[in-house]
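Here's the structure, in structure tokens; my notes come after.
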Amino acid sequence: ELKVEQNPLFLSMQEGKNYTIYCNYSTTSDRLYWYRQDPGKSLESLFVLLSNGAVKQEGRLMASLDTKARLSTLHITAAVHDLSATYFCAASVRRGNYQLIWGAGTKLIIKP
Amino acid sequence: SQTIHQWPATLVQPVGSPLSLECTVEGTSNPNLYWYRQAAGRGLQLLFYSVGIGQISSEVPQNLSASRPQDRQFILSSKKLLLSDSGFYLCAWGGYLAGGPKDTQYFGPGTRLTVL
């Protein structure tokens, strides 16, 4: 059974610093997703990683996937306050149709 | 373009009352549809998913039910709400979008339900 673990679950950091959120999954998965959720809001799709070695970047966020290690990372460069949110990773599994197995989320607070 | 609507946005209901939450999708056909619940400060719990009209799969046994009367309409219901049903209910659709994989899920704005 596929399980997805994120760490850390909570991260408080200063603006301008770099940090990485880790997402481990337990069995083979076709794809890895990253979503962002602002407080009280819905989820927004950030990245879809489709293959080993995939790297995607949007602004100060960069996501990568290592399927051999079953690990995805979300790297934040020179953090700014606007990036404060909860970040979820999810791995895809086929159970009749495609489903996403979700991590618990990482709550990121960036202090000015 | 594709859009997903949910209503109501917020709801306060007494214990034992019925529930009906609605989700509709525009701009796509035959989407996979999903209902999730998120307790305060927690992750996502998949409740139901549907691959077509009248086809519902339940992930968690509980006092909730789902129906898909039309291709782009998904309804979450309960006959009698429990305190533990409080949470943020999210509807999502999955499908091809701009060449992306079908398992990508796109979320509606959510319904915040408080059961008192």
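For the stretch B:40-49, taking the residues that are open to solvent by 50 Å² or more (accessible area, probe 1.4 Å) and on the phi < 0 side of the Ramachandran plot, the one that is nearest to the chain's Cα centre (by Cα) is identified as B:Gln45. Considering (1) modelled with pLDDT under 95; (2) over 23 Å from B:Gln6 (Cβ atoms); (3) not aliphatic (A, V, I, L, M), the lone condition that A:Cys89 does not fulfil carries the number (1).
Every residue, every condition in (1) in contact (Cβ under 8 Å) with a residue 12 or more places away in the chain; (2) under 14 Å from the mean Cα position of the chain (by Cα); (3) open to solvent by less than 70 Å² (accessible area, probe 1.4 Å); (4) at positive phi, yes or no:
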| site | (1), (2), (3), (4) |
| --- | --- |
| B:Gln13 | yes, no, yes, no |
| B:Ser17 | yes, no, yes, no |
| B:Tyr34 | yes, yes, yes, no |
| B:Val51 | yes, yes, yes, no |
| B:Arg72 | yes, yes, no, no |
| B:Thr111 | yes, yes, yes, no |
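Taking the listed residues A:Thr77, A:Thr28, the one that is under 30 Å from B:Ile56 (Cα atoms), β-branched (Val, Ile, Thr) and without any contact (Cβ under 8 Å) to a residue 60 or more places away in the chain is A:Thr28, with no other qualifying. Restricting attention to the stretch A:1-12 and to residues that are within 11 Å of chain B (Cβ to nearest Cβ) and of a type in the set (A, V, I, L, M), the residue that is most open to solvent (accessible area, probe 1.4 Å) turns out to be A:Leu9.
Open to solvent by 60 Å² or more (accessible area, probe 1.4 Å) and either over 30 Å from B:Tyr89 (Cβ atoms) or hydroxyl-bearing (Ser, Thr, Tyr) (or both) - does that describe any residue in the stretch A:36-47?
no
Looking only at residues in the stretch A:13-33 that are under 16 Å from the mean Cα position of the chain (by Cα) and more than 13 Å from every other protein chain (Cβ to nearest Cβ), the one that is nearest to A:Thr106 (Cα to Cα) is A:Ile21. For the stretch A:42-90, a residue qualifies if it is within 10 Å of chain B (Cβ to nearest Cβ) and of a type in the set (A, V, I, L, M, F, W, C), and the qualifying residues are A:Leu43, A:Val48, A:Leu50, A:Phe88, A:Ala90.
The values are calculated or read from the model by the stated rules, or taken from the named source; none is laboratory data. All of these numbers come straight from a predicted model, not from anything done at the bench. Cβ sites come from the backbone with ideal geometry, for glycine too, and all protein chains shown count toward neighbours. All accessible areas refer to the heavy atoms of the entire protein, side chains included, with ligands and DNA or RNA removed. Shrake-Rupley method; radii C 1.70, N 1.55, O 1.52, S 1.80 Å.
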